[in-house]
Amino acid sequence: ALSNILKHAAASEVSIQVINKRGEVTLSVCDNGRGLPAETSRPDHYGLIIMRDRAKSLHGRCDILPRSGGGTEVRVSF
């Protein structure tokens, strides 16, 4: 997520949060950058595909979400 932010987001701020709640660990990486393109399932979005595949291979989930004030949140839960 951090690499994608540096390469694509033009963000001025990034926050990283880790929460352990009832045995589930969630890592969130948020930025205030330009946000995601409308279509993120295109074949050339390798970074997003790799993040989702890595989480799935570890029996987790990766959600990539737009933020209401602009930017993107990548949330991985295990």
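No lab work stands behind these numbers, since they all come straight from the coordinates. If you're wondering where the values come from, they're calculated on a predicted model, not measured in any experiment. Cβ: placed from backbone, ideal geometry, glycine included. Neighbour counts: every protein chain shown.
Miscellaneous remarks
- Fewest-first sequence of Glu73, Glu24 by Cβ atoms within 10 Å of each Cβ: Glu24, Glu73
- Between helix 46-57 and the chain: long-axis angle, C-alpha atoms, 0 to 90°, nearest 10: 10 degrees
- Rounded to whole numbers, the Karplus 3J(HN,Hα) couplings from phi for the stretch 14-21 are 9, 10, 10, 9, 10, 10, 10, 10 Hz, using 6.51 cos²θ - 1.76 cosθ + 1.60 with θ = phi - 60°, and x at Gly and Pro.
- Estimated from helices alone, the mean residue ellipticity of the chain at 222 nm is -5000 deg cm²/dmol (sum of -39500 (n - 2.57) over DSSP H runs with n ≥ 4, per residue).
- Semi-axes of the equivalent ellipsoid for the chain, Cα gyration tensor, largest first, Å: 20, 16, 10
- Across the stretch 63-78, computed HN-Hα scalar couplings (Karplus, 6.51 cos²θ - 1.76 cosθ + 1.60, θ = phi - 60°) run 10, 10, 10, x, 9, 4, x, x, x, 9, 10, 10, 10, 10, 10, 10 Hz from first to last residue, x flagging Gly and Pro.
- Relative contact order of the stretch 2-77, pairs being alpha-carbon contacts under 8 Å that are 6 or more residues apart, as %: 31 percent
- Potential lengthening between Arg22 and Ile50 on full extension [0.36 nm per residue; Cα-Cα distance subtracted]: 7.4 nm
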